[in-house]
Amino acid sequence: MKKMDKKLKMSTGTVVELVILLLILLVHDVIIIGAFFGNPETWEFTFDLMGSGLLLFVIGILLLVFVEIYVCIWIYNSTVKALTFNKDSFTFKGRTYTYHQIEKIKLRSKNHFSVYYMIYVDDKRLYIFDDKYEGAKEFLYYLDFYKVPGTPRG
């Protein structure tokens, strides 16, 4: 990273919030799995429980674990593998791009308080960030300066 490069990464406060949420989900998993598999005397083996009920339970736990893994990957990619940028280009996952290579920026608002920006290069979504990321204002300034399609003009 050059001295002039800045990072676009998830803010520390957001990382802490996500880690706390992840820990709550993991504790939830342990409690649910422990309650279901912990005391064999309370199990009621009926055809319904062993059929669709057990299957739905297992699918639900697997989906929850998948979400937890996804959040871990998202946190890692948004902090450790942060996008770095300067006035001429930006780098993500070891590859450097110019601002002119960005095809478009898509905006998505999940609530009235934050906007998510999705960077597309070669018809693929390259990176997602929101306005609370460290370095977001500076990065949005360069996107506006180079008139990247879809960038909100400020």
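The values are calculated or read from the model by the stated rules, or taken from the named source; none is laboratory data. The shown structure was predicted, so the numbers you read here are calculated from the model rather than taken from an experiment. Cβ: placed from backbone, ideal geometry, glycine included. Neighbour counts: every protein chain shown. What goes into the accessible areas is simple: the full protein's heavy atoms, side chains included, and nothing from ligands, DNA or RNA. Shrake-Rupley method; radii C 1.70, N 1.55, O 1.52, S 1.80 Å.
Per residue, segment 79-143 exposes 60 Å² of accessible surface when a 1.4 Å probe is rolled over the protein heavy atoms with every protein chain present. Shape of segment 69-127 from its Cα gyration tensor (a ≥ b ≥ c, root eigenvalues): rounded if a/c is under 1.5, otherwise prolate when a/b > b/c, or oblate? Oblate, since a/c reaches 1.5 and b/c is not below a/b. Ligands, DNA and RNA left out, the accessible area of segment 94-133 computed with a 1.4 Å probe is 46% carbon and sulfur.
Judged by the ratio a/c of the largest to the smallest principal axis of the C-alpha gyration tensor, segment 111-154 counts as oblate, that ratio being 1.5 or greater while a/b is no larger than b/c.
Here r is the Cβ-Cβ distance between residue 146 and residue 63 and R0 is 35 Å; the resulting FRET efficiency, rounded to 0.05, is 0.30.
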